[in-house]
Amino acid sequence: MTPPREKKLGGYRAKRDLDATPEPSVGGRSEGAGEGRFVVQEHHARSLHWDLRLERDGVLVSWAVPKGIPLDSKHNHLAVHVEDHPLEYLDFHGEIPAGNYGAGIVKIWDRGTYEAEKFRADEVIVRLHGERVSGRYALFRTDRRGRSQGGDGENWMIHRMDPPQDPEREPMPEQLEPMLAHRGELPAEADGWAFEVKWDGVRALAFVEAGRARMCGRRGVVLTGRYPEMRALGPALGSREAILDGELAAFDGAGRPSFQLLQRRMHLDSPSVVRRVATQIPVVYVIFDLLYLDGRLLLDSPYSERRAALEQLGLAGGAWTIPARNVGDGAALLAATREQGLEGVVAKQLDSRYLPGRRSRAWVKVKNAQRETLVIGGWLAGEGTRSGRLGALAVGRPEDGELRYVGRVGTGFDESELRRLGELLAPLERAGSPFAGRGGPKGAHWVTPSLRAEVEYTERTSSGLLRHPIYRGLHES
Ligand code: MN
């Protein structure tokens, strides 16, 4: 017994204001429309999902699949059985205006025909013949509560019964360690190298699949909650699967990456605090490599090919950027970064493979300034507006079991960093100098030497003091 089509589409009509949405209205029975067409729509609603619709008895039996059609049999995906849609929906794509049910962009992701092996109220087995997907799929109901319990639909699962359509498909690795650069000089011969700006931030890999992005730092630390603006990478890549490599950076008013600004986000965990600080200090993901794409691991592909594939992804806009790379002229790029006050450049061999977790000579970081992690042994009060408060740090280098004073660092701070350092140093105050031979500047407030600072400088004087030291942040970890 098949209920009449008009009645089956009552749920569809009830949810929509058909005068306000471009979605099809419920017209008369479509004559001559044979059974067996299907469509999968990619629906960028409040939450990205894919809608699978199978033509059956004059309507489209429909499921919303949050992670899309599974491409292998290892992972079943949730498929929420929703209201039947009219046949006209087979061709629907466009924008459902804000304020309407399902507001957002609808794209046709795949379409074609299918044969049903089984079509029951709680289990459906079909063979799809789409432009993108072909193969045998089972849909089965997993819970009976569904709509009667206030949910929006019944929970089903979709399972691929055939082997992967692409026999060479490689599963996405769950974890990878980023490749590291060796510190050095510009290569003598620029041929065969590309040069990128070195960004001063936090290294992160983005694992993107099924419209969801997971950000991972080194040793697999998950960073997604700390940098929620990166979640939008999922919908930006749609159903594409990718592992991206890059640096999360916060930019100051002059457009330079500021590690100090980023530090104010690096230790936040409370979601509400993260959201608030993210509006004050937005983070940009500077993407420079592509390690996996749509079932292919690219680690053994040369850097030049990985970069070309990255650039073809069309990832523009949003909280991420793919910066230019410069082939052939590293010296000019290094000079430009020096003028702009940037950290330096990374030279990468065009034919080099990606070596996860390895520090390789195929990647060479060339820095404009020397940078060193130094121990804070005291502080000096400032002058003018900083009078009575922290104005400079007295720093030293551990040598032969002693702390050797190397200079005072009085620039590179902003007001909030000065305040933060003042609060961290206050409880460490002690009577005498911690430096070897009771060295250090006159009039300093001494502290127990436990905090370390990242300090940049141009060179050392003959007596071992730093020239032009600049504070670049507290050393974490
Ligand atoms: Mn939908």
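The values are calculated or read from the model by the stated rules, or taken from the named source; none is laboratory data. Given the structure is predicted, the values throughout are model-derived calculations rather than measurements. Glycine also receives a Cβ, built like all others from the backbone with ideal geometry; neighbour counts cover every protein chain displayed.
Quick grid of which residues meet (1) out of contact with any Ser or Thr (no Cβ under 7 Å at 6 or more places or on another chain); (2) farther than 23 Å from residue 235 by Cβ; (3) among the acidic types (Asp, Glu):
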position: 294; (1), (2), (3): yes, no, yes
position: 298; (1), (2), (3): yes, no, no
position: 305; (1), (2), (3): yes, yes, yes
position: 308; (1), (2), (3): yes, yes, no
position: 318; (1), (2), (3): yes, no, no
position: 322; (1), (2), (3): yes, no, no
position: 334; (1), (2), (3): yes, yes, no
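Restricting to the stretch 33-43, give me the number of residues that are surrounded by fewer than 22 Cβ atoms within 10 Å (Cβ to Cβ) and more than 12 Å from the ligand (Cβ to nearest atom).
Here the count works out to 5.
When you check residue 250 against the structure, is it surrounded by fewer than 20 Cβ atoms within 10 Å (Cβ to Cβ) and over 25 Å from residue 194 (Cβ atoms), yes or no?
no
Does the stretch 324-336 include one or more residues that are surrounded by fewer than 18 Cβ atoms within 10 Å (Cβ to Cβ), polar (S, T, N, Q) and on the phi < 0 side of the Ramachandran plot?
no
Residues that are part of a loop (DSSP other than H, G, I, E, B), surrounded by fewer than 17 Cβ atoms within 10 Å (Cβ to Cβ) and within 12 Å of the ligand (Cβ to nearest atom): does the stretch 70-88 have at least one?
No, the conditions are met nowhere in the stretch 70-88.
For residues that are within 16 Å of residue 373 (Cα to Cα) and assigned to a strand (DSSP E or B), tally how many sit in the stretch 432-472.
So the count comes out to 13.
So for the stretch 269-286 (the condition being in the same structural domain as residue 357 (by TED's automatic domain parsing), surrounded by 20 or more Cβ atoms within 10 Å (Cβ to Cβ), out of contact with any His (no Cβ under 7 Å at 6 or more places or on another chain) and not β-branched (Val, Ile, Thr)), does at least one residue qualify?
Scanning the stretch 269-286 turns up at least one residue that is in the same structural domain as residue 357 (by TED's automatic domain parsing), surrounded by 20 or more Cβ atoms within 10 Å (Cβ to Cβ), out of contact with any His (no Cβ under 7 Å at 6 or more places or on another chain) and not β-branched (Val, Ile, Thr).
Please determine whether any residue of the stretch 91-103 is farther than 22 Å from residue 235 by Cβ and assigned by TED's automatic domain parsing to the domain that holds residue 42.
yes
When you look at residue 67, is it within 16 Å of the ligand (Cβ to nearest atom), within 14 Å of residue 158 (Cα to Cα) and not in a strand (DSSP E or B), yes or no?
Yes; evaluated as a whole, the condition is true for this residue.
Would you please list the contacts, defined by Cβ atoms under 8 Å and residues six or more apart or on different chains, that run from a residue in the stretch 182-193 that is within 14 Å of residue 332 (Cα to Cα) to a residue that is among the hydrophobic types (A, V, I, L, M, F, W, C) and in a loop (DSSP other than H, G, I, E, B)?
193/350
Contact list please: Cβ distance under 6 Å, first residue in the stretch 371-392 and touching a residue at least 60 places away in the same chain (Cβ under 8 Å), second residue crowded, with 17+ Cβ neighbours inside 10 Å and in a helix (DSSP H, G or I), pairs at least six apart or on different chains.
Pairs that qualify, where the first residue is touching a residue at least 60 places away in the same chain (Cβ under 8 Å) and the partner is crowded, with 17+ Cβ neighbours inside 10 Å and in a helix (DSSP H, G or I), are 379/425.
Among the residues in the stretch 112-127, are any within 14 Å of the ligand (Cβ to nearest atom) and under 27 Å from residue 235 (Cα atoms)?
no
On the basis of being more than 16 Å from the ligand (Cβ to nearest atom) and either modelled with pLDDT of 95 or more or of a type in the set (A, V, I, L, M, F, W, C) (or both), does residue 98 make the cut?
Answer is no for this residue.
Among 167, 187, which is surrounded by 14 or more Cβ atoms within 10 Å (Cβ to Cβ) and not assigned by TED's automatic domain parsing to the domain that holds residue 129?
187
Residue-by-condition table, conditions (1) assigned by TED's automatic domain parsing to the domain that holds residue 290; (2) surrounded by fewer than 20 Cβ atoms within 10 Å (Cβ to Cβ); (3) in contact with a strand residue (DSSP E or B) (Cβ under 6 Å, 6 or more places away or on another chain); (4) at pLDDT below 90:
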residue: 340; (1), (2), (3), (4): yes, yes, no, yes
residue: 353; (1), (2), (3), (4): yes, yes, no, no
residue: 387; (1), (2), (3), (4): no, yes, no, yes
residue: 401; (1), (2), (3), (4): no, yes, no, no
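Given the residues 46, 53, which is the only one that is modelled with pLDDT under 95, within 14 Å of the ligand (Cβ to nearest atom) and not polar (S, T, N, Q)?
After applying the criteria, what remains is 46.
If you check residue 139 against the conditions, is it under 24 Å from residue 80 (Cβ atoms), modelled with pLDDT of 95 or more and either outside any strand (DSSP E or B) or out of contact with any helix residue (DSSP H, G or I) (no Cβ under 6 Å at 6 or more places or on another chain) (or both)?
Here the answer is yes, as residue 139 does meet what is asked.
When you check residue 29 against the structure, is it basic (Lys, Arg) and either at pLDDT 95 or above or within 13 Å of the ligand (Cβ to nearest atom) (or both), yes or no?
no
Which residue out of 161, 179, 172, 157 is at pLDDT 95 or above and under 28 Å from residue 349 (Cα atoms)?
179
Is there a residue in the stretch 329-339 that is under 23 Å from residue 259 (Cα atoms) and touching a helix residue (DSSP H, G or I) at 6+ places or on another chain (Cβ under 9 Å)?
No, every residue in the stretch 329-339 fails to be under 23 Å from residue 259 (Cα atoms) and touching a helix residue (DSSP H, G or I) at 6+ places or on another chain (Cβ under 9 Å).
Six or more apart or on different chains, Cβ under 6 Å: which pairs go from a residue in the stretch 410-437 that's in the same structural domain as residue 455 (by TED's automatic domain parsing) and among the hydrophobic types (A, V, I, L, M, F, W, C) to one that's modelled with pLDDT of 90 or more and in a loop (DSSP other than H, G, I, E, B)? Could you list them?
Close Cβ pairs (under 6 Å, with a partner that is modelled with pLDDT of 90 or more and in a loop (DSSP other than H, G, I, E, B)) amount to 428/448.
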